[in-house]
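Read-outs: derived from the displayed coordinates by stated rules, not from any lab. A quick note: this is a predicted structure, and the numbers were derived from the prediction, not measured. Heads up, the Cβs are rebuilt from the backbone with ideal geometry, glycines too, and the neighbour counts pull from every protein chain shown.
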Amino acid sequence: MAVHAHPDDEATGTGGVLARYAAEGVRTVLVTCTDGGCGDGPGGVKPGEPGHDPAAVAAQRRAELEASCRVLKISDLELLGYADSGMMGWPQNDAPGAFWGTPVDQAAERLAELMREYRPDVVVTYDENGFYGHPDHIQAHRITMAAVERTGIPAKVYWTTAPRSKMEEFGRVLRELGADWDPPEDAPDAQDAADAPAQPPIGLPDEEVTTLIDVTEYGERKYEALAAHASQSESIFFLDLGVERFIQLMGTEAFVRVRDTTGAALPESDLFAGLR
Ligand SMILES: [Zn+2]
């Protein structure tokens, strides 16, 4: 079970493991917490700009998410259906139905129900900073950890991460490509938002990464899943790398194991080590 914040996060963060384990016969469940309504609209129109209609964006992104699930052969898609909260400090954070404004207990109980239904052996989500500080990612982390605690069902729990050495390589490639890469903390008003936490750096020192999964064999599938989300500028950016470069850069997925009842030795190269 992978718990993600928005339509498209399943592809960028865990597209490789979802495709790989589905191919190995594992039942894969994707839980997407929000409708992605703060994403780009047709023609790249941004939230708050004239012509940006969150309901239309959500509908488009739902269709894209379903296409991505078909590519990754995800067995079950579960939508919690909260409204996208936008970046830290945006007024959408406080809108009715926004994920960020939903009490953790309430959303965690809905997720716990899904855990009771599917009984996942392995659960994957983000670290406490939501990998890069997006409120919906932080909230996805919080409800997942609360649901794990409530149910005690998953034998293993992982947070997505990136080894720092890889982040440096990533930055180099972006600069080579002349990318105008906006770090999330540059989002409008984020700097002076009272509720914005200090931004810890993305990823972990290499030696703290417990689990590296080689997904190069499924790199093309991951690229195609991202292509299903072509309305979003972040996807377009990755697609512009071309499939070979993309696989070089994104062909290994990194995790930190935070719960384990199997006793599998670390470091690992399989999320299901100790379970089969
Ligand atoms: Zn996201």
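Applying the criteria of a DSSP loop state and at most 10 other Cβ atoms within 10 Å to the trypsin sites (Lys or Arg not before Pro) of segment 15-101 yields no site. Take the Cα of residue 24, step 7 Å toward its Cβ, do the same at residue 207, and the gap between the two points is 2.8 nm. Phi angles across segment 73-81 convert, under the Karplus curve 6.51 cos²θ - 1.76 cosθ + 1.60 with θ = phi - 60°, into 3J(HN,Hα) values of 6, 5, 5, 9, 10, 10, 10, 7, x Hz, Gly and Pro given as x.
Give, rounded to the nearest 20 debye, the magnitude of the charge dipole that segment 54-93 has about its Cα centre when Lys and Arg contribute +1 at Cβ and Asp and Glu contribute -1 at Cβ.
Working: 4 positive and 5 negative charges, 22 e Å.
It comes to approximately 100 debye.
Along the charge dipole of the chain, pointing to its positive end and built from +1/-1 on Cβ of Lys, Arg, Asp and Glu, which listed residue (7, 178, 213) has its Cα farthest out? Most positive-ward Cα: 213.
Kirkwood radius and radius of gyration were both taken over the C-alpha atoms of segment 5-87, and their ratio Rg/Rh is 1.03. The magnitude of the dipole of the chain, with charges of +1 and -1 set on the Cβ of Lys/Arg and Asp/Glu and taken from the Cα centre, is near 880 debye. Report the far tail of the P(r) of the chain, meaning the percent of Cα-Cα pairs longer than 31 Å. When every Cα pair of the chain is considered, 20 percent fall beyond 31 Å.
Highest GNM mean-square fluctuation among 58, 146, 264, for the chain modelled with Cα contacts below 10 Å: 264. Each label was represented as a point 7 Å from its Cα along the Cα-to-Cβ direction; for residue 45 and residue 119 these points are 4.9 nm apart. For segment 202-242 and segment 1-51, what is the separation of their Cα centres, given in Å? That distance is 12 Å. Beta bridges per DSSP, both residues in the chain: antiparallel share near 40 percent.
So if each residue of separation counts as 0.36 nm, and I subtract the Cα-Cα distance between residue 249 and residue 176, what length gain in nm does that give?
Numbers: separation 73, 0.36 × 73 = 26.28 nm, distance 1.33 nm.
Extra length available between residue 249 and residue 176 comes to 25.0 nm.
Taking only the C-alpha atoms of segment 116-179, Rg followed by Dmax gives 15.5, 47 Å. The residue among 65, 123, 165 whose Cα reaches farthest toward the positive pole of the charge dipole of the chain, with charges on the beta-carbon of Lys, Arg, Asp and Glu, is 123. Along the Cα-to-C-beta direction of residue 76, a point sits 7 Å from the Cα; which residues of segment 146-165 have their amide N less than 16 Å from that point? The answer is 148, 151-155, whose backbone nitrogens lie closer than 16 Å to the label point.
Listed by chain and number, the lysines placed with their C-alpha closer than 23 angstrom to that of residue 166 are 222; residues fewer than eight positions away on the same chain are left out. Result for the chain in a Gaussian network model with C-alpha springs under 10 Å: among 120, 163, 42, the largest mean-square fluctuation is at 42. Taken one residue at a time, the phi angles of segment 157-168 give Karplus couplings (6.51, -1.76, 1.60, θ = phi - 60°) of 10, 10, 10, 5, 8, 8, x, 3, 4, 5, 5, 5 Hz. Gly and Pro are set to x.
Dipole orientation for the chain: of the candidates 17, 254, 265, 265 has the Cα lying most toward the positive pole (charges on Cβ; Lys, Arg +1; Asp, Glu -1). The ratio of the alpha-carbon radius of gyration of segment 32-151 to the globular-protein estimate 2.2 N^0.38 Å is 1.09.
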